[in-house]
Every structure is written in structure tokens, then in C-alpha cells.
1. Sort out which residues of segment A:37-63 are of a type in the set (Asp, Glu) and touching a Leu at 6+ places or on another chain (Cβ under 9 Å), and write them in order of number.
2. Please state which of the following conditions B:PRO124 fails to meet, knowing it meets all the rest: (1) more than 7 Å from chain A (Cβ to nearest Cβ); (2) free of Cβ contacts under 8 Å to residues at least 12 places away in the same chain; (3) buried (at least 20 other Cβ atoms within 10 Å of the Cβ).
3. What strands (runs of 3 or more DSSP E) completely inside segment A:1-102 contain at least 1 residues that are of a type outside the set (Gly, Ala, Ser), in contact (Cβ under 8 Å) with a residue 12 or more places away in the chain and within 12 Å of chain B (Cβ to nearest Cβ)?
4. Hey, can you tell me all the residues within segment B:30-56 that are touching a Gly at 6+ places or on another chain (Cβ under 9 Å) and away from chain A (no Cβ under 11 Å)?
5. Collect the residues in segment B:96-106 that are more than 7 Å from chain A (Cβ to nearest Cβ) and out of contact with any Leu (no Cβ under 9 Å at 6 or more places or on another chain), keeping them in residue-number order.
6. Is one or more of the residues making up segment B:79-90 charged (D, E, K, R) and in contact (Cβ under 8 Å) with a residue 60 or more places away in the chain?
7. What is the residue count in segment B:96-121 for residues that are surrounded by fewer than 20 Cβ atoms within 10 Å (Cβ to Cβ), within 17 Å of B:THR140 (Cβ to Cβ) and of a type in the set (A, V, I, L, M)?
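The values are calculated or read from the model by the stated rules, or taken from the named source; none is laboratory data. Note that the structure is a prediction, hence the values are computed from the model and not measured. Backbone-built Cβ (ideal geometry, glycine too); neighbour counts: all protein chains shown.
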Amino acid sequence: MAIEVRIPTILRSYTGGAKAVEGSGETLRELIENLDATYPGLRDRLITAEGGLHRFVNVYVNDEDVRFLGALDAKVSDGDSVTILPAVAGGAPVAAGAPVARFVTA
Amino acid sequence: MLAAFRRPGRLVSVLTISQAIVDAIVAHARRDHPDEACGIVAGPVGSDTPTRHIPMTNAARSMTFYEFDSMEYLRVWREMEARDEEPVVIYHSHTATEAYPSRTDIAYAGWPQAHYLLVSTREPDVTEIRSFRIVDGTVTEEPVRVVEGHGSPEGAAELRPQSSDPNREPTVDPNAVQSYLFGQNPVTVDYECRSAS
């Protein structure tokens, strides 16, 4: 079973510089665990201590954002292409009386 | 690969960017004010040269928060990959505070090779523009070196509005900005301040 995973620049130190790696699994969580076995440390950059998907990454299975597919429970299959991108977001410091910034949650 | 402005015995990171692209970024920030604006300037991989301006939708549509729209981001990223480009500049605006990265900005900075450009539109007649490298949570300001021209080797800047409003023209309103204030770096400064003519 081979699922291609595209790795962003910031995580390539875990994959020896590789832009794309292959892994297996029935769900995104299993796939990440599988990759972590070969590339230690990768999982902790994608999954929080509480076991959720990190808000600092966007993960896509083919053309869909996994947050709409059950996040770490998203189903993956042989031949799928998974893309990991660093989330691009931010906010100004909140001034007194200003609306509270909305934070992205997994 | 960093564009560097060499001083005797010292190599300093600098953002070199064309006036046309700076104007386009400022126009975008002014259009979206008071919501934060955000976008990318792509360039050939390894060139450290911003050539293609890509204004992005702020999916948060907030005055104090921004995030790239997830699917637009994927599409833009795939397009960059196909063109052998990378994000050279990632910019966003602060509409009521200074052009300095917030703690949230720093936490989310996930493209270590990018120049993080902050634009402040808090003043109506002055736009503050400062550039930073954000690597491993460390912020380092760098000078902005504005050059003449349209920012691409072919001499033409591409301007593709990504905002959802089809009626927005990607033009610069000469009345919107009367002067620019660029970040000051005591080591090396090479910039132009323009006022409306």
C-alpha cells in the first residue's frame, strides 16, 4: 500500500530533505504513525499531545482539507496523495476594546 | 539562498522587492482595511527574488486575525510547484497596530525561507512596511530594498486578485497612500520614501 505524502520545507529535516515520502495506513492517524516509524519526530510536529491535529498545519487528502473529512480519522487509501502545508495565519495584538481574535482549532 | 547586502565582515539578510509589487501590496492592504489583508509574492525556487504577487483571501475576515483560505492555499501552492516557485514574501497587514509580528504571527511562521512582510494601515496617509525573517521562533528585522521595475525577469508584474469581490480592480489608488515608512535597520538601509505627487 503506497500513499504519497508531500512534505513542506519546514519538516524536511525529519525526512532527510525529501520533498515527498511514502507511507501506509487506513486513516491519516495511522499514516502519520507509519511515517514516524521511518522518520522519527514527524508525528509530534503534526499531532498534539492531546492527540489532535496540530493547528499549525493544513493537511489535504487529494483535493480535500482533512478537517472536513474527520481530521486524523480521515480515511486514506492506496494511491491517495496527501499534502502537508504549514498553516499561514496570524493576528495583531488585541487592543483594549477590540474584538477578540479567533483562533483556529483542529 | 539569501539575498545579502554585504558589509565589510558581515552578511545581512535583506528583502529586495520592486516598487510595483510594493505598490500592489499596499493597495491590497488599503482595499481590505479595516480587515487584515494577506498574501504571497512567489519567486523562482532559490532565487530569493519576489516576482509574482498573489493577494490571498483572508478567510477569517477579521480586523485582528488572518488565515489563508485552505483550498485557495492548496491551489496556489500547486501552481507554485508547477512553476518551480516558492513563497519568497508572505505578507499581511495590521490595521490598528504597528507593523511588527505578533506572538501569533511568530507561532504560525512555517516557511523559514520566506520574508515576512508586515504592513500597517493604522494611519490613513502613511503606510508602514517592515520585513522580518522568522526562523525557529526568532524574529530578525531586515531592511527593505525597493528597486525600480516590475519585479520579474520578463519585466511585467503579474497581479491576480484572489479576493471574492470580482468588482475590485487591482489598481493603485494614488490618493490612498501618500508616503511609505520603511523599517529602519541601523546596519544597512537602502530604501526610498515616496510622497504623492
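1. Across segment A:37-63, the qualifying residue is only A:ASP63.
2. So the condition that B:PRO124 fails would be (3).
3. Ranges flagged: A:3-6, A:57-61, A:81-86.
4. Passing the criteria: B:VAL41, B:GLY43, B:THR49, B:PRO50, B:THR51, B:ARG52, B:HIS53, B:ILE54, B:PRO55.
5. Of everything in segment B:96-106, those that are more than 7 Å from chain A (Cβ to nearest Cβ) and out of contact with any Leu (no Cβ under 9 Å at 6 or more places or on another chain) turn out to be B:ARG103, B:ILE106.
6. no
7. Count: 2.
Yes/no matrix, rows are residues, columns are (1) of a type in the set (D, E, K, R); (2) surrounded by fewer than 18 Cβ atoms within 10 Å (Cβ to Cβ); (3) more than 13 Å from A:PRO86 (Cα to Cα):
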residue: A:ASP36; (1), (2), (3): yes, no, yes
residue: A:ILE47; (1), (2), (3): no, no, yes
residue: A:ASN58; (1), (2), (3): no, no, no
residue: A:ASN62; (1), (2), (3): no, yes, yes
residue: A:VAL66; (1), (2), (3): no, no, yes
